[in-house]
Amino acid sequence: QVQLVESGGGLVQPGGSLRLSCTASGSILRSYNMRWYRQAPGEQRELVATITSLGHTNYADSVKGRFTISRNNAENTVLLQMNSLKAEDTAVYYCSATNPPLTYWGQGTQVTVSS
């Protein structure tokens, strides 16, 4: 069993930055593929960024060049550095941990980009 807790969300002005953190307990994340998703009101959940157990990364086109996903296996943590934030980045951000057939989700953290 894996418990995931996201933190770091908040209110930021357009062009600003936030760093989201996802910390796991109950298991070691080293063997898990980690992902950040987001869901805006009235929208479907969207995959934002992936980092595999080997450290390979992938990003949605909408965040390429602005967001960076990284992992610290020693601290059982995955980070999402978000720069040059836009109003359309406003959403609840969720992290997930996958080691097939198992997938675990955090409770989400709100990110609001507004002036």
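The values are calculated or read from the model by the stated rules, or taken from the named source; none is laboratory data. What you are looking at is a predicted structure, and each value in this text was computed from that prediction instead of being measured. Reconstructed Cβ throughout: ideal geometry from the backbone, glycine too, with neighbour counts over all protein chains shown. What goes into the accessible areas is simple: the full protein's heavy atoms, side chains included, and nothing from ligands, DNA or RNA. Shrake-Rupley method; radii C 1.70, N 1.55, O 1.52, S 1.80 Å.
Numbers for the structure displayed
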{"read-out": "From the options 12, 2, residue that is over 28 Å from residue 114 (Cα atoms), surrounded by 14 or more Cβ atoms within 10 Å (Cβ to Cβ) and over 14 Å from the mean Cα position of the chain (by Cα)", "value": "2"}
{"read-out": "Residues being of a type outside the set (Ser, Thr, Tyr) and in a strand (DSSP E or B) - total across the range 78-115", "value": "15"}
{"read-out": "Residue match in the range 75-98 (condition: in contact with a helix residue (DSSP H, G or I) (Cβ under 8 Å, 6 or more places away or on another chain) and open to solvent by 30 Å² or more (accessible area, probe 1.4 Å))", "value": "no"}
{"read-out": "Of residues in the range 29-48 being open to solvent by 60 Å² or more (accessible area, probe 1.4 Å) and among the small types (Gly, Ala, Ser), the one farthest from residue 72 (Cα to Cα)", "value": "42"}
{"read-out": "Checklist (1) within 18 Å of residue 110 (Cα to Cα); (2) in a loop (DSSP other than H, G, I, E, B) applied to residue 21, failing item", "value": "(2)"}
